[in-house]
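Quick one: the structure is below, and I'll ask about it shortly.
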Amino acid sequence: MNIKEKMHSQKIYFCDDDALAQEQLQCLDRLYDFNHTRPTEIQRRQDLLSRIFAEMGDNCYIEPPLHANWGKHTHLGRGVYANFNLTLVDDTHIFIGDYVMFGPNVTLATAGHPIEPEQRKRVAQFNVPIRIGNNVWIGAHSVVLPGITIGDNSVIGAGSIVTKDIPSNVVAVGNPCRVLRPIGEHDREYYYKDFKFD
């Protein structure tokens, strides 16, 4: 198994391959170009994003700066919105559904390192894919760890650290992130605390 296959195998590998590092630099150059566009360069931003990501649906908006280990291992559905400082540790695949929203400073991290210190000293790493369903909202300063799945329509509260899968149609918050409640009738009447829809 070569190093690229190992990256996507969920097995331990060592980050010491010069050819892989050179390939990653090409991806990082594209990110640099995107992050240094002017706000008025809307079409240029879209063109760069289409070259950065593995796939990207229509009507996606990513606010610079965007940070990614690769970019090309991330798959975006339609209508994805990301506020500034989205960080994609996409050493393996990240699958993002349609109409997903990211608050500022969200991190999706597919990569991890062994707890055992001698292995870490050798720069051992493993990667497990992240899957985010349709119509999910991930609040500001949240972190999603390797191997996590978040179900459709769910909301992850600001500042959450998502260490376990989150089902569909719930509000989940905290460190570690836990389901607080289902999304229901109250949410159809109130949009925030005691603020009612007109």
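Count, please, the residues in segment 1-49 that happen to be surrounded by 13 or more Cβ atoms within 10 Å (Cβ to Cβ) and not acidic (Asp, Glu).
Residues meeting the conditions: 24.
For every residue, the table says whether it meets (1) surrounded by fewer than 17 Cβ atoms within 10 Å (Cβ to Cβ); (2) within 21 Å of GLY174 (Cβ to Cβ).
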position: LYS121; (1), (2): yes, no
position: PHE126; (1), (2): no, no
position: ASN135; (1), (2): no, no
position: ILE138; (1), (2): no, yes
position: HIS141; (1), (2): yes, yes
position: VAL144; (1), (2): no, yes
position: GLY147; (1), (2): no, yes
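Matching residues to (1) closer than 26 Å to LEU20 by Cβ; (2) of a type in the set (S, T, N, Q); (3) part of a loop (DSSP other than H, G, I, E, B):
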site: THR92; (1), (2), (3): yes, yes, yes
site: TYR99; (1), (2), (3): no, no, yes
site: ARG120; (1), (2), (3): yes, no, no
site: GLN125; (1), (2), (3): yes, yes, no
site: ARG131; (1), (2), (3): yes, no, no
site: ASN134; (1), (2), (3): no, yes, yes
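Now for a different question. Can you tell me which residue is farthest from HIS67 (Cα to Cα) among those in segment 89-114 that are crowded, with 23+ Cβ neighbours inside 10 Å and touching a Lys or Arg at 6+ places or on another chain (Cβ under 9 Å)?
Here the residue is ILE96.
Assuming LEU86 fulfils every condition listed in (1) farther than 17 Å from VAL106 by Cα; (2) modelled with pLDDT of 95 or more apart from one, which condition is it?
(1)
Among residues belonging to segment 149-190 that are part of a loop (DSSP other than H, G, I, E, B) and among the charged types (D, E, K, R), point out the one that is surrounded by the fewest Cβ atoms within 10 Å (Cβ to Cβ). Full working, then the answer.
Of segment 149-190, the ones part of a loop (DSSP other than H, G, I, E, B) are 151-154, 157-160, 163-165, 167-169, 174-177, 183-184.
Add one more test, that the residue is among the charged types (D, E, K, R), and what stays is 152, 164-165.
Values: ASP152: 16, LYS164: 13, ASP165: 11.
Only one residue tops the list, namely ASP165.
Among the residues that make up segment 124-134, is at least one of them within 22 Å of GLY159 (Cβ to Cβ), over 11 Å from the mean Cα position of the chain (by Cα) and at pLDDT 95 or above?
yes
Hey, another quick one. Give me the pairs: first residue in segment 45-62 and under 25 Å from ASP91 (Cβ atoms) and free of Cβ contacts under 8 Å to residues at least 60 places away in the same chain, second residue in a helix (DSSP H, G or I) and charged (D, E, K, R), beta-carbon distance under 8 Å, and six or more apart or on different chains, which are they?
Filtered contacts from segment 45-62: LEU48/ARG30; LEU48/ASP33; ARG51/ARG30; ILE52/ARG30; ILE62/ARG45.
Go through segment 52-94 and give me each residue that's of a type in the set (Ser, Thr, Tyr) and more than 18 Å from VAL144 (Cα to Cα). Working first, answer last.
To start, the set of residues in segment 52-94 that are of a type in the set (Ser, Thr, Tyr) comprises 61, 74, 81, 87, 92.
TYR61 - this is the single residue of segment 52-94 that is of a type in the set (Ser, Thr, Tyr) and more than 18 Å from VAL144 (Cα to Cα).
Restricting attention to segment 88-115, which residues are of a type in the set (Ser, Thr, Tyr) and touching a residue at least 40 places away in the same chain (Cβ under 8 Å)?
Keep residues of segment 88-115 that are of a type in the set (Ser, Thr, Tyr), which gives 92, 99, 107, 110.
Matches in segment 88-115: THR92 only.
The values are calculated or read from the model by the stated rules, or taken from the named source; none is laboratory data. It should be emphasised that the depicted structure is a prediction, and the values quoted were computed from it without experimental measurement. Using ideal geometry, Cβ is built from the backbone for each residue, glycine included, and neighbour counts are taken over all protein chains shown.
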